[in-house]
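The structure under discussion appears below in the form of structure tokens.
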Amino acid sequence: MRLFLSVLLVILALYCYEANAFTCPALVEDTLSFLLQNAAIYKKTHEKYNLPQEVIQAKLEVKDCTDKIFLGNRILIANTLVIPFFFVHRGFCSAEQPGGR
């Protein structure tokens, strides 16, 4: 088992070296709205993408469960999931040099 795990890590390192840790801003927005928005507003924002009603209903069922979590805890979850994005993104943007380099 240990050999398998070592080989797997080496393969992932070789084939995924070009991956970066930047999160898509749309994913951040969706995560925040899933955790913090009202269910009716969340449904309206997803209806504009012409998703099948089964998909919207499935997401709303899960959202119904997460809405039962205390708001303070949902904010902590959101901070845990989203704040690293802002730190990485801000550092990346501030590293850009003037002149398009």
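The values are calculated or read from the model by the stated rules, or taken from the named source; none is laboratory data. What you see is a predicted model; the values in this text were computed from it and never measured. Glycine also receives a Cβ, built like all others from the backbone with ideal geometry; neighbour counts cover every protein chain displayed. To get the accessible areas, we keep the full protein, side chains included, count just its heavy atoms, and leave off ligands, DNA and RNA. Shrake-Rupley method; radii C 1.70, N 1.55, O 1.52, S 1.80 Å.
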When only residues in region 40-74 that are at pLDDT 90 or above and polar (S, T, N, Q) count, which is nearest to the chain's Cα centre (by Cα)?
66
Exactly one condition in (1) outside any loop (DSSP other than H, G, I, E, B); (2) open to solvent by 80 Å² or more (accessible area, probe 1.4 Å); (3) modelled with pLDDT of 80 or more is not met by residue 12; state its number.
(3)
Taking region 33-55 and the residues there that are closer than 24 Å to residue 69 by Cβ and of a type in the set (Lys, Arg), the one that is least open to solvent (accessible area, probe 1.4 Å) would be 43
Among the residues of region 15-32 satisfying the criterion of being under 12 Å from the mean Cα position of the chain (by Cα), among the aliphatic types (A, V, I, L, M) and modelled with pLDDT under 85, which is farthest from residue 69 (Cα to Cα)?
21
